[in-house]
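Have a look at the structure below, then the notes.
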Amino acid sequence: SELRPVEHWEWDWWYSTAAPPTRPGEAVVIDLGLTDPRVPELLAVANPDAMVHPGDRRIRGWWGIPAGGLEPSAQGSPTDLVAVAAVTTMRPGVPHLGSVATHPSWRGRGLSRDLCARLTRDALAEGAPAVTLGMHAANGSARAVYSSLGYTVGQRWASGRVPGSRTSR
């Protein structure tokens, strides 16, 4: 039989036990609930490979930043969602941030940093011993965001699949 190449992904698992410094942009972060129709629309554009999507039973809630909360002359409608993140439960009592995404035309403005800082601080203030998240190890932009918020890489691993198989990441 012929060997087929394996598609693989390297991952970093991060954690934080300390609240990051407050960021001015956190004031525009809003609770989106579990079923906001803007979430899948944004994920389709900003992070089509997101690991969690609306409807996943592990999701405790979605939070986001609408364009209208940022600047009066914002591109698009004031209700357009420009950044989003889910708080999930991978382990009981330890919140996990997932599907962090910023619309491509809004990247580079610190929106993911604002969103993750707020969600991390809120979870720790509610008594969580830590907050975790996972990311593709090669994502330098995400690495800079999480490092700046005080997250530490706790584990690195790889996953993969044989092309043509039904097994995914």
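Remarks
- Some residue of region 65-79 being modelled with pLDDT of 95 or more and either surrounded by 22 or more Cβ atoms within 10 Å (Cβ to Cβ) or in a helix (DSSP H, G or I) (or both): yes
To keep it simple, each residue is scored yes or no on (1) in contact with a strand residue (DSSP E or B) (Cβ under 8 Å, 6 or more places away or on another chain); (2) open to solvent by less than 60 Å² (accessible area, probe 1.4 Å); (3) touching a residue at least 12 places away in the same chain (Cβ under 8 Å).
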residue: 12; (1), (2), (3): yes, yes, yes
residue: 21; (1), (2), (3): no, no, yes
residue: 30; (1), (2), (3): yes, no, yes
residue: 45; (1), (2), (3): no, no, yes
residue: 54; (1), (2), (3): yes, yes, yes
residue: 60; (1), (2), (3): yes, no, yes
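- Taking region 102-115 as the range and being open to solvent by less than 30 Å² (accessible area, probe 1.4 Å) and either in a helix (DSSP H, G or I) or farther than 21 Å from residue 19 by Cα (or both) as the test, the residues that pass are 102, 106, 111, 112, 114, 115.
- If the condition is being open to solvent by less than 30 Å² (accessible area, probe 1.4 Å) and closer than 15 Å to residue 32 by Cα, then region 80-99 contributes 81, 82, 83, 84, 85, 86, 87, 88, 97, 98, 99.
- With respect to the stated conditions, residue 164 fails to be assigned to a loop (DSSP other than H, G, I, E, B) and at pLDDT 95 or above.
- Subset of region 114-132 [within 22 Å of residue 54 (Cα to Cα) and of a type in the set (D, E, K, R)]: 114, 118, 122
- Condition broken by residue 123, with the remaining ones in (1) part of a strand (DSSP E or B); (2) buried (at least 20 other Cβ atoms within 10 Å of the Cβ); (3) not hydroxyl-bearing (Ser, Thr, Tyr) satisfied: (1)
- Under the condition of being over 11 Å from the mean Cα position of the chain (by Cα), in contact (Cβ under 8 Å) with a residue 24 or more places away in the chain and open to solvent by 20 Å² or more (accessible area, probe 1.4 Å), the residues counted in region 133-144 number 4.
The values are calculated or read from the model by the stated rules, or taken from the named source; none is laboratory data. What you are looking at is a predicted structure, and each value in this text was computed from that prediction instead of being measured. Backbone-built Cβ (ideal geometry, glycine too); neighbour counts: all protein chains shown. These accessible areas exclude ligands, DNA and RNA; they are computed on the full protein's heavy atoms, side chains included. Shrake-Rupley method; radii C 1.70, N 1.55, O 1.52, S 1.80 Å.
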